[in-house]
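See structure below.
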Amino acid sequence: MSSKDSSFMKKIKSWPLLLPVVALFLVMAVNILHDAAIGANPLSFFTITLNQTTSSGTILYGRIIDILNRGSEVAILALGMTLVVSSSAGTDISVGSVMSLSASFCCMLLAGYGVANTSELAVPLIVGVLAAFAMGTLCGAFNGTLVAYFGIQPMVATLILFSAARAIGLLLCNNLIVYVRNSAFGAFGAFTGILPTPIIIAAICIAVVALVLKNTSLGMYIQSVGINPKASRIAGLNSKKIIFLTYVICGFFAGVAGLVNSSRITSADSNNIGLYYEMDAILAVALGGNSLGGGKFNLAGSIIGAYTIQAITTTLYALGVSTDQAPVYKAIIVVIIVAIQSAPLKAFFRKRSLKETKEAAKA
Amino acid sequence: MKRKILSVLLTAAFVAATIAGCGGAAQQASDAAGAAADTAAAAADTAADAAADTADAAADTAAAAADTAADAAADTAATVEEAAEEVKEAAGGAGGTINVGFAQVGHESDWRTASTKSAQDVFSEANGYNLSFVDCDNDSAQQLEAVRGFIEQGVDYIIIDPIVSTGWDTVLAECADADIPVIVIDRTIDDSDKYVSWVGSDFLTEGKAAGEWLKAYAEKQGIKEINALIIQGTTGSSAQIGRTDGFSEIADREGWTILDKQTGDFTEEGGQQVMESYCKSYEGKFNVVVCENDNEAFGAMTAMDNAGVKYGPGNDVILISYDACTAGLKEVQAGKITADFECNPLAAPTVEGVIQTLQSGGTPEAKILVPDNWYALPDQIVDFSVDGKPQTMVEVTDDVIEAQY
C-alpha cells in the first residue's frame, strides 16, 4: 500500500506540469480565501451557471468561463510562441502588432476602404477571415525569413514588425477605428450555443497543434534544431526551413488571435488590439516551465501559463483591486510563480526531500 | 608644438565667435554665429597651412581671423534679427497670409483625427492662412523639434497640443524671444506660463455635467437611490482625472454610492472585461454605469447583454458615456446609451478667434473653453445647471450624427 502511494507521489513529483498547475490553482485559491473572508459563498468564483442573455440566448456564465474566454487569444499566441522559442531560442515580439495588422486588414476589407462605421459587409465574411489569416502568415514568413535565412537575432528581426505592423494597420484603416457592427463578423467573439466562440477557436487551435506534434516528427525536429542547429543540419534536418516554419506558424496564430480580438469588439482599433499581448505570450511560455533558451518545450505548460495570466487579471477584477495598484500585484504574483520554478529553488527542495527520505530511512 | 598653439588659437576663435553670436540672444543669431565661427575656423586653417614655417606669423593671422570672425558674427546676428522682424511685420500686415504652425499629438483616435481636420479646415489658404502641420506621432522629443522648426521658419503663431505637460519652459522661452505667440490647445502645460492662451475642453466640467444631469434625471424618474459603477479611462490621463473628480464631486454632495471604480483603458475590450466582472460582483446591486469614453461604453453594453442586464432609457440601468463621437451618438439614438457628454475636438475655430484678437492688438483670455454639448434623446433631456450655469442639451437626430466627428 505504502509503496503504491510513494510511486504515485513520485509520478506526481516528476510530472512536468506540476508547478504550472500548482501556480494556476494558487491564483484561484486566493478567490476562495477572499470570498470566505467577506462571508460570501467561498466557491462563488468557481460557480458556473446558465444565464439568460438579452441578445444571444442562454449561455454558460461564471468567472471560470471568463478566464477561459478572455485567455483564448494569449493561449493561441502561446502555441506559436512556444514553437518559436524552442526552435530559435528567441522570442517573436511582433505578435501583438501583427494581431492588430491582421485585424485592421480584415476589417478594412469587410467595411471597404475609408468606411469607418458600417453594419453591411463589403466582401463575403470568408474573404475577410482568410485575409486576416493570410496577413498573419505573411508577417510570420517575413519574420521567419529574417531570422532563419538572414541570421538576424529574433528580437531584432521581429522588432521591425513590432513597430511597423501597427502603423501599417493604421494606414489601412485610414487612421480611424473601423467599426464593423455585423453579427456574422461578431460571431467569432460572441457565443456558439452556450459556449463563448473564442474558447472553441482556442480549443481547435490547441487540438490541431497537439495532433500535428503527436502524429508527425515535427515536434522532435523543432526541439533538435533548438538544442543544436548545426548538429541537426549534419543529421540531415533543414534547420533553416524548420525555424522559418515555426515563425510562419506563430504569425498565422497571431492572425487568428487578431481576428478573435477584433470580432469581440466588432471593430479594428489598431492602436489597442493586441497591445502588450506579445509580453503576455512570452510570459505564458515562461510560466509554463519552458526555457526561453530554446530546445525542449512543453506545449501544455504554455497553455496553462496563458490561462494563469488571465486568472490573475480576472482575480484582480473580482477582488476589486484598485486599478492603479493592479500591475503591482500582478508583478508580485508573477515573481513568485517564476521563482518557485527556478532551478536553484527546485534544487533546494529536491535536496530537502532527499534529506527527509534519508532520515526516514534511518528511523 | 606649432600645431598645438594653432589648435588653441582656433578654439579661442570659435569661442569668441560663439560668445559674440550669443550676445544677440535670438536663435537665428546664434545660428549665424555658428556659421561665422565656421568661416573663421576655415580661414584660420588656411592661415595655418600657409604659415606653417613661422609660428609667430601663424598665430598673428589666426588671432586676426578670430577678431574678424567675432565682429562679423555680431554684425550678421544683428542683420538677421532685423530681417526677421521685417518679415514678421510684412506678414502680419493687413491682407497678408498668416503663417501658423501646429504641432499635433498624433493620430491615435477618431477624436484626434477630428481635431486635426478642424485645424486644417479653419487655417486653410482660402481663409488667408498658411498652416504648417506636424504630426508628432506621440513622441514628445519630436514635438519639441517641431516647435523649434516653426521658430526657424519664422511662423506668426504656434499652436501646440502638448503630448506631455512638463519640460516646456525652455522652448516656450525661445518662442517668446522670437516674438511668436504660442496657443496651447486640448492638453495642458504645467511648468510654464509663456503662452498666450489655452483653448480646450474642461474634463472636470464634463464630469460635473454628467453628475448634475443624473441628479435631475433621477428626480424626474423618481429614482431614490443611486448605486453607480464607474469604468475609468487610462489611469492618470487628464480626461480620467477630470471626469472622475467631476462626477465624484456631485456623487459626494448627493450622497450616492459609488460601488467600484476600475480602469478600462479607454478601450472597448477593457470596458467589456471590467463590466463582465462588475456584473458578477455587483449582480442586481447597481443602477448606473458611467463609462469615461464611448469605446468603453460599447464594451460595457456587450458585457451587460451577455449578463442579461437591461440598460438604456426606460430600463433599470442608466448608461452614461463621454466623448459623443459619431458611433457613440448612434448608440444614444438606438436607445442604448442614456446620455452622452461631449468632449469637443473642434478647437480650431476658437483658436482662430484668439489669433484674430492678437492680430488686432487685443489680449485674449488665458483660459478659453471650447463649448461642449450634452446629448440625449428627447425623453432623457432635462434641465440642469453646472456651477450655477444653466445647460441646454442637444437632441440626437440623424442630422446631429451626420455633423459629428
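The values are calculated or read from the model by the stated rules, or taken from the named source; none is laboratory data. Worth saying up front: this structure is predicted, and the values here are computed from it rather than measured. Reconstructed Cβ throughout: ideal geometry from the backbone, glycine too, with neighbour counts over all protein chains shown. The accessibility values were calculated without ligands, DNA or RNA, using every heavy atom of the protein model including side chains. Shrake-Rupley method; radii C 1.70, N 1.55, O 1.52, S 1.80 Å.
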- prompt: What residues in the stretch A:285-334 lose 50 Å² or more of accessible surface when the other protein chains are added to their chain alone (1.4 Å probe)?
  reply: A:TYR317, A:THR323
query: In whole percent, how big is the carbon plus sulfur part of the accessible area of the stretch B:136-267, probe 1.4 Å, protein atoms only?
result: 44 percent
- line: Interface residues of the stretch A:82-119, defined as losing at least 50 Å² of accessible area versus the chain alone with a 1.4 Å probe, are A:ASN117
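Ballpark to the nearest 100 Å², how much total accessible area do B and A bury together, probe 1.4 Å?
On the way: alone 18830 and 18100 Å², together 34010 Å².
The buried area between B and A, both sides summed, comes to about 2900 Å².
Can you pull a Stokes-Einstein diffusion coefficient for the stretch B:257-302 at 10 °C (1.306 mPa s), Rh from Kirkwood over Cα pairs, as a whole number of µm²/s? Each step should come with its number before you reach the end.
Values: Rh = 10.4 Å.
Rounded to a whole number, D works out at 153 µm²/s.
Residues of B:279-285, mean number of Cβ from any other protein chain within 10 Å of their own Cβ, rounded to a whole number?
3
If you take every residue apart from A:ILE93 with its C-beta less than 12 Å away from the C-beta of A:ILE93, what net charge results, scoring Lys and Arg +1 and Asp and Glu -1?
Details: positive: none; negative: A:ASP92, A:GLU278, A:ASP280.
With Lys, Arg at +1 and Asp, Glu at -1, the neighbours total -3.
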query: Per-residue ellipticity at 222 nm for the protein assembly as shown, helices alone: DSSP H runs ≥ 4 residues times -39500 (n - 2.57), over residue total, nearest 500 deg cm²/dmol?
result: -19500 deg cm²/dmol
- prompt: How many partner chain Cβ atoms sit within 10 Å of a residue's Cβ in peptide B:262-274, on average, as a whole number?
  reply: 5
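With the cut-off at 1.5 for a/c, could you classify the stretch A:67-345 from its C-alpha gyration tensor as rounded, prolate or oblate? Could the numbers behind the result be given before it?
Details: a/c = 1.77, a/b = 1.26, b/c = 1.40.
It comes out oblate by the Cα gyration axes.
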- prompt: Got a sec? Which residues of the stretch A:54-71 lose 30 Å² or more of accessible surface with every protein chain in place, vs. that chain alone, 1.4 Å probe?
  reply: A:THR54, A:TYR61, A:ARG63, A:ASP66, A:ARG70
- prompt: According to the square roots a ≥ b ≥ c of the eigenvalues of the Cα gyration tensor, what is the shape class of the stretch A:169-239, taking rounded for a/c under 1.5, prolate for a/b larger than b/c otherwise, and oblate for the remainder?
  reply: oblate
- request: At 0.36 nm per residue, minus the direct Cα-Cα distance, what do A:LYS214 and A:PHE348 gain on full extension? Give it in nm, one decimal, please.
  value: 44.8 nm
statement: Once the dipole of the stretch B:102-192 is set up from charges on Cβ (+1 Lys and Arg, -1 Asp and Glu), the residue from the list B:ALA103, B:THR113, B:SER132 lying farthest towards its positive end is B:THR113
message: Just the number please: accessible area per residue for the stretch B:358-405, 1.4 Å probe, all protein chains included, in Å².
response: 62 Å²
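How large is the Kirkwood hydrodynamic radius of the stretch B:123-253, counting all unique pairs of alpha carbons, in Å? Provide the component values of the computation, followed by the final result.
On the way: mean 1/r = 0.0575 Å⁻¹.
For the stretch B:123-253, the Kirkwood estimate is 17.4 Å.
Note down the relative contact order for chain A as a percent, whole number, built from C-alpha pairs under 8 angstrom at least six residues apart. Please list the in-between numbers first.
Values: 633 pairs, mean separation 104.0, N = 363.
Relative contact order here is 29 percent.
With only alpha-carbon atoms in the gyration tensor, what are the semi-axes of the equivalent ellipsoid for the protein assembly as shown, in Å, largest first?
Working: eigenvalues 566, 345, 119 Å².
Those come to 53, 42, 24 Å.
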task: Starting from the stretch B:280-343, pick out the GluC sites (Glu not before Pro) whose DSSP state is loop and whose Cβ has at most 11 other Cβ atoms within 10 Å.
output: B:GLU283
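Take the alpha carbon gyration tensor of the stretch A:1-89, find the square roots of its eigenvalues, order them as a ≥ b ≥ c, and report rounded if a/c is under 1.5; if not, report prolate when a/b exceeds b/c, else oblate. Intermediate values should be presented prior to the final figure.
Working: a/c = 2.40, a/b = 1.24, b/c = 1.94.
Cα axes put the stretch A:1-89 in the oblate bin.
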message: So, for chain A, what is the accessible surface per residue at a probe of 1.4 Å, expressed in square angstrom?
response: 46 Å²
task: May I ask you to derive the FRET efficiency for A:LEU33 and B:ASP179 from their Cβ-Cβ distance with R0 = 60 Å, giving the value to the nearest 0.05?
output: 0.35
statement: Sorting A:VAL209, A:VAL30 on solvent-accessible surface, 1.4 Å probe, most exposed first, gives A:VAL30, A:VAL209
- prompt: Accessible surface of A:PHE188 in the full protein assembly, 1.4 angstrom probe, to the nearest 10 Å²?
  reply: 50 Å²
- prompt: To the nearest Å, what is the center-to-center distance of the stretch B:183-258 and the stretch B:156-181, using C-alpha atoms only?
  reply: 28 Å
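Provide the convex hull volume over Cα atoms per residue for the stretch A:206-363, in Å³.
On the way: hull volume 30.7 nm³, N = 158.
Measuring per residue, one finds 194 Å³ for the Cα hull of the stretch A:206-363.
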- prompt: Using a probe of 1.4 angstrom, how much of the accessible area of the stretch A:172-272 is carbon and sulfur, in percent?
  reply: 68 percent
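Please list A:TYR221, B:TYR311, B:TYR405 from largest to smallest accessible area, probe radius 1.4 Å, with all protein chains kept in place. Each step should come with its number before you reach the end.
Values: A:TYR221 85, B:TYR311 15, B:TYR405 50 Å².
Heavy-atom accessible area, descending, gives A:TYR221, B:TYR405, B:TYR311.
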query: Over the C-alpha atoms of the stretch A:221-298, what are the Rg and the largest Cα-to-Cα span, Dmax, in Å?
result: 16.0, 49
field: Inter-label distance, nm, simple model (7 Å from Cα along the C-beta direction), A:ILE160/B:SER238
entry: 3.9 nm
query: Peptide A:256-269: average number of partner chain Cβ atoms within 10 Å per residue?
result: 2
